């Protein structure tokens, strides 16, 4: 087994998330059934509030996949951003050697590390904030 498995894992996770995070926005895929949905939908799919008479409705889509999500208020759509929280799931994390990963979270770059310990060597959860060059939060990973 590679002795740097924790560092390799952390770098791999960061590289995969960075690929998604920096990918170009995909054009909307708007099918015929989506058109019927858009024309008949009476409320914003984001805030769930009804559209007022004469209010502009826009077609919202996922910028990662291009999939149409529904009709939305213009303001709701403009405020709907990429999430800054990225969950990384483990089955029975506290039963694994999570401490190997925690020791190597600094290899992912600048940012704070958080931890909910069960014991000195077993963790319930841990997190890593990834910062942009200006020091702003880019996203936060939670394991």
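Points to keep in mind about this one:
- Scanning the range 126-140 for residues that are over 19 Å from residue 11 (Cβ atoms) and more than 17 Å from the chain's Cα centre (by Cα) gives 134, 135.
- Residue in the range 68-78 that is assigned to a loop (DSSP other than H, G, I, E, B) and farther than 24 Å from residue 114 by Cβ present: no
Any read-out appearing in this document is the output of simple, stated calculations on the displayed coordinates, not a laboratory observation. Small disclaimer: the values here were computed from a predicted structure and weren't measured. All Cβ positions, glycine included, derive from the backbone under ideal geometry; neighbour counts span all protein chains shown.
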